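Comments concern the structure below.
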Amino acid sequence: MKLFIQGVAIAFGLGLAMASTTARADGTVEVLHWWTSGGEAKAVGELKKSFETQGGTWIDSPIAGGGGDAAMTALRARVVAGNPPTAVQLKGPGIQEWAKEGVLNNVNDVATKEGWDAVLPPVLAGIMKYEGKYVAAPVNIHRVDWFWANPAVLAKAGITGMPTTWDEFNADAEKLKAAGITPLAHGGQPWQDATVFETVVLGVGGADFYRKALVDLDQKALTSDTMVKSFDELRKLRSYVDPNFSGRDWNLATAMVMNGQAGFQIMGDWAKGEFLAAGKKPGVDFVCAPTPGKGFILNSDSFTFFKVSGQERLKGQTVLASLIMSPAFQETFNLAKGSIPARTDVPLDKFDSCALKSHEDLLAAVKDNSLVPSMAHEMAVSRSVRGEFLDLVTNFFNSDMSSADAVKALAKAVKRAQQP
Ligand code: GAL
């Protein structure tokens with residue numbers, strides 16, 4: 001494999017040779033990521049800035065497309081061509097899938113020297129390691145199950161507080177509708193449909209049910225009445241989106257809440273990054289509240305290190321790994337991104353009330369075992385199983401398929417994707 005990579009590196013030698021003559025002493029990284037919205041770009045900009053401040057050369061490879069599906073396709077093409085980026089925004093079981101293909105480098109020397117095991121939640125540390133060695137470094141903890149709302153718009157419709165059950169949400173949505181306001185800002189893209197779906201599954205079924213259905217892929221749970229009820233609620237939510245939802249980017253849906261066109265959005269806390277980048281204040285211009293249901297849907301971004309050769313790039317990986325895990329960087333980055341630090345020892349005094357709520361609920365969820373990994377955001381199942389979920393949920397959202405038919409089709413598709 002090594003020889004192959006080196007051979008291909010020679011084939012792609014022009015770029016490498018140029019980089020090595022111009023690169024500075026502290027390494028070069030080419031970073032593939034999908035952080036292109038306002039808040040995301042600001043956050044990744046912090047990483048670039050810090051890396052360059054340390055004397056490194058940063059080659060930016062952004063692949064637009066929320067949720068990262070386009071980036072993952074681009075990554076596959078790069079690896080197949082034998083020309084992987086130095087570091088890739090990649091997470092969850094995907095890290096293990098790539099590691100098994102033998103295309104990752106480990107940064108275990110840095111991790112051991114800096115004692116990562118002692119400062120990371122064990123669940124995250126486990127995801128970052130392959131055969132006991134760190135092949136990735138986590139930047140944050142995002143929570144998926146959030147409502148984002150415009151308080152002035154809610155007030156206009158006579159809504160006084162954030163909904164705590166799906167029935168309450170439906171009642172609020174009706175009020176918004178009656179006031180001529182789009183109740184739910186949504187972008188009709190498969191990953192966004194799946195984000196809303198998993199949030200509803202947690203709310204309708206609770207954390208144990210979520211785990212059985214979306215993580216363990218238990219056929220009984222997938223075909224249960226609870227799953228039927230989840231699709232029923234998703235059908236309701238479909239009636240609360242505006243006619244132009246199809247294909248809309250998630251950050252444009254966030255903008256609808258921001259500018260008063262819509263009441264709510266259901267989205268992970270990267271949406272907060274958008275509000276903040278636009279100068280909006282939490283609790284004043286926008287409010288956050290967990291969606292109904294006890295639990296916490298976890299999504300953590302990380303950078304994974306691919307097998308590259310050449311001193312410059314290897315050095316770049318080491319420097320980047322150390323930088324990502326530094327407490328100062330974890331603070332700056334997450335203040336912009338809307339998430340909270342992956343490290344458990346970073347002070348949160350500069351963080352806002354949404355971040356503090358996330359942190360408090362995360363600790364509670366760990367304690368009572370209601371922390372669940374996001375299916376939509378690649379934390380729970382293989383890419384092929386996730387693909388089946390996304391296809392079915394999107395299909396349901398864009399047709400008049402019944403909930404009973406949806407659960408049958410879903411269970412069948414998941415089973416098919418699990419076959420070796
Ligand atoms: C998620 C990712 C977040 C956010 C979002 C929208 O999968 O973890 O960091 O950027 O996609 O692009």
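The values are calculated or read from the model by the stated rules, or taken from the named source; none is laboratory data. These figures come from a predicted structure and were not determined experimentally. Positions of Cβ are generated from backbone atoms using ideal geometry, with glycine treated the same way; all protein chains shown enter the neighbour counts. Remember, those area values only see protein heavy atoms, side chains included, never the ligands or the DNA or RNA. Shrake-Rupley method; radii C 1.70, N 1.55, O 1.52, S 1.80 Å.
Which condition number in (1) open to solvent by 20 Å² or more (accessible area, probe 1.4 Å); (2) within 16 Å of the ligand (Cβ to nearest atom); (3) touching a strand residue (DSSP E or B) at 6+ places or on another chain (Cβ under 8 Å) is the one that residue 335 fails?
Answer for residue 335: the failing condition is (3).
Determine which member of the set 169, 197 is within 16 Å of the ligand (Cβ to nearest atom) and in the same structural domain as residue 245 (by TED's automatic domain parsing).
Details: 169 fails: within 16 Å of the ligand (Cβ to nearest atom).
That would be 197, the only listed residue that is within 16 Å of the ligand (Cβ to nearest atom) and in the same structural domain as residue 245 (by TED's automatic domain parsing).
Cβ-Cβ under 6 Å, sequence separation 6+ or interchain: first residue in region 332-356 and in contact (Cβ under 8 Å) with a residue 60 or more places away in the chain and at positive phi, partner in a loop (DSSP other than H, G, I, E, B) and buried (at least 18 other Cβ atoms within 10 Å of the Cβ). Which pairs?
338/269
Within the set of pairs 6 or more residues apart or between chains, which connect a residue that is at positive phi inside region 135-161 to a residue that is open to solvent by 10 Å² or more (accessible area, probe 1.4 Å) with Cβ atoms less than 6 Å apart?
158/175
Going through 284, 308 one at a time, which residue ends up being of a type in the set (A, V, I, L, M), open to solvent by 40 Å² or more (accessible area, probe 1.4 Å), part of a loop (DSSP other than H, G, I, E, B) and away from the ligand (no atom under 16 Å from the Cβ)?
Answer to the check: 284.
For region 75-136, please list each of the helices (runs of 4 or more DSSP H) lying entirely inside it that holds at least 1 residues being open to solvent by 20 Å² or more (accessible area, probe 1.4 Å), under 25 Å from residue 374 (Cβ atoms) and in the same structural domain as residue 65 (by TED's automatic domain parsing).
Numbers: elements: 93-100, 108-114, 116-119, 122-128.
It comes to 93-100, 116-119, 122-128.
Residues 329, 397, 389: which one is open to solvent by less than 60 Å² (accessible area, probe 1.4 Å) and assigned by TED's automatic domain parsing to the domain that holds residue 90?
Values: 397 fails: assigned by TED's automatic domain parsing to the domain that holds residue 90; 389 fails: assigned by TED's automatic domain parsing to the domain that holds residue 90.
Only one candidate qualifies: 329.
Out of (1) over 18 Å from residue 231 (Cα atoms); (2) outside any helix (DSSP H, G or I); (3) hydroxyl-bearing (Ser, Thr, Tyr), what's the single condition that is false for residue 399?
(1)
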